[in-house]
Structure formats: C-alpha cells, structure tokens
Amino acid sequence: MKNFTDRVAAITGAGSGMGRSLAIQLASEGCHLALADRNATSLAETEQLARAAARQTVGAPLRITTRVLDVSDRTAMFDWAADTAAQHERVNLVFNNAGVALSSTIEGMDYADLEWIVGINFWGVVHGTKAFLPYIKASGAGHIVNTSSVFGLFAQPGMSGYNATKFAVRGFTEALRQELDLMKCGVSATCVHPGGIRTAIAQSSRIAPNMVGFMLENEQQGKDDFEKFFITTADEAARVILDGVRKNKRRVLIGRDARAADWLARTLPAAYQALVVMQTRRMKRIGEKRARRAAQGQQGKRA
C-alpha cells in the first residue's frame, strides 16, 4: 500500500497519543477513518482535528465514524468491525494501537491488574485482528498494524505484565505476517515497537503499592521518572509507522531508544538482563538520595 488516498482505516486508542496522530496524518492524505477509544471526549476532539486536517490538505470532506468501546470486549470489537465495513463499504487498514501500562513485582501482582492489562494490550490486538481481517481481505488490498513496544524486545524488572503482553503481540503479529505471506491475499502485517513516545500512558498507568520502596520512591515520582525517557513525539511516531506500512516492513522500530534496545537484546540476549539490573540499582540509589535530600529539606523548613 503505497498511499492512503480514499482508503478506509480503523484505529483503536484514537483519542490521544499515537492513535490521534495517525488519524490526523491519514486524514491529511485523504483516508477515511473509523476511530475508537474509551474516552468519548478525547475521541470527539480527534475527530474534529482529523476533519480540519482533511479540509486543509484534501479539500474534500472525509467519511469519519467514531465508536466508544473497550478493546478487551470481543463482542464490541466484532460489532464495531461489522458496522465499520457497512458504513464505509470496505476496510483497508486496522491499527491496533490501544494500550495501557502496569508496574508491579510478580510476587505482589494482583490478578485483576494482570487480567486488565492482558485484556487490553493482548486480547485487544487479537480481537482487532480477527474482527477486521475478513473485511480487509475482501477489500483486496490492506494492512494490519499491531503496536508492541520496546518492551516487546527486552524485559525489565517491575514490568512483567507489560512485557508479557508486548512480547505476545510481537509473536502473534510475526506469525500473522507469515500466514498472510503464504495466503498471497493482498493483505500484510507490521509489528510496531515504539520506544519512549510522548503520550499520556505513563500518567495513566497503574503502579502497584509493592513498587514503592522496591524500585520507586512513590507512585507519582515513578510516573514522572518514566516520562523523562519519552524522547519521540507522537507525530514523529505516526510518520514512522505510516512509512513502514508504505514500505511493507515486518517490524518498525521507533526512536533511538528502541533501536538501541533491539541491538542490545540481539547482541547480548542473556547478558543484557544483568546490565538492566545494574542500571536499576543505580537509579534506585539516585532516587534514595533524592528522597533523603527532600526529607532533610522539609525538616529544615519545620525547624
């Protein structure tokens, strides 16, 4: 798929971040959109931005539909796919982009939190793929884009649930691509591995109480520190993704951090884990010193 003009793309997680940027950039190229997100207000904002982008570049109105849904709900996802195909008369692309984050030790992880992240990050991708694949095949030319992560390339302590889902998306999508290659049905698939992207995922993430003291000073500090590693804008990420679709890439790495992680995992597939532990210990010591200085400062103020 070399261009997106007059195509139809479905995007999950379209209310913000990479999903919103994908919607706006696709609209600016004349692509009709079916947008989904759990947040109705954010979703409506994305729709307005996409329509504005289309007016500025295309000059003609696009067909844009929206749906508030939970991607972990299989029935809702299949209903959305069927309605999208009926309203737009075809579907060419699906971007299974919706995702959440969870920080917890394995020992202290609550099963409800694990089921929550698996339902969205993994089952959401599975539902989106299986629901839309028949319609994309029927279009004669299409692409499935599934979002994994830099944490689908290497693991990190305290991120086991997130790692599990993103490694699963990677394996699922790589197998899907091979099956589509064998089918020669005009449909392809790409697995996306973003590094730190400037989105709201850190601030909206769940951090279990067991992480405080083990790796983090406090919940908010953990979110803020995580956010410091977000070096790539959502707009740049969307550009890289769409370029990857045009070039029919099997894997898309976004950001120098993702490229570095990929190199590290391939070069030191076992030894990298010890390096991660060393760096985590170092960061924990820095955090402890910062906490002590803050406590001393508070004591000085009271005095």
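Summary of computed values
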| item | result |
| --- | --- |
| Residue in segment 98-115 that is surrounded by 21 or more Cβ atoms within 10 Å (Cβ to Cβ) and within 17 Å of Ile144 (Cβ to Cβ) present | yes |
| Residue check for Gly99: in contact with a strand residue (DSSP E or B) (Cβ under 8 Å, 6 or more places away or on another chain), assigned by TED's automatic domain parsing to the domain that holds Leu33 and not in a helix (DSSP H, G or I) | yes |
| Scope segment 35-79; condition touching a residue at least 40 places away in the same chain (Cβ under 8 Å), buried (at least 18 other Cβ atoms within 10 Å of the Cβ) and not β-branched (Val, Ile, Thr); matching residues | Ala36, Asp37, Ser72, Met77 |
| Scan of segment 4-28 for residues that are farther than 26 Å from Ala138 by Cα, in contact with a Leu (Cβ under 9 Å, 6 or more places away or on another chain) and aliphatic (A, V, I, L, M), ordered by number | none |
| Conditions (1) of a type in the set (Ser, Thr, Tyr); (2) surrounded by fewer than 22 Cβ atoms within 10 Å (Cβ to Cβ); (3) at pLDDT below 95; number of the one not met by Ser188 | (3) |
| Leading residue by the ranking (nearest to Phe132 (Cα to Cα)) among those in segment 22-48 that are among the hydrophobic types (A, V, I, L, M, F, W, C) and outside any helix (DSSP H, G or I) | Ala34 |
| Odd one out for Lys249, checked against (1) outside any helix (DSSP H, G or I); (2) over 19 Å from Asn92 (Cα atoms) | (2) |
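The values are calculated or read from the model by the stated rules, or taken from the named source; none is laboratory data. Remember, it's a predicted structure, so these values are computed and weren't measured experimentally. Backbone-built Cβ (ideal geometry, glycine too); neighbour counts: all protein chains shown.
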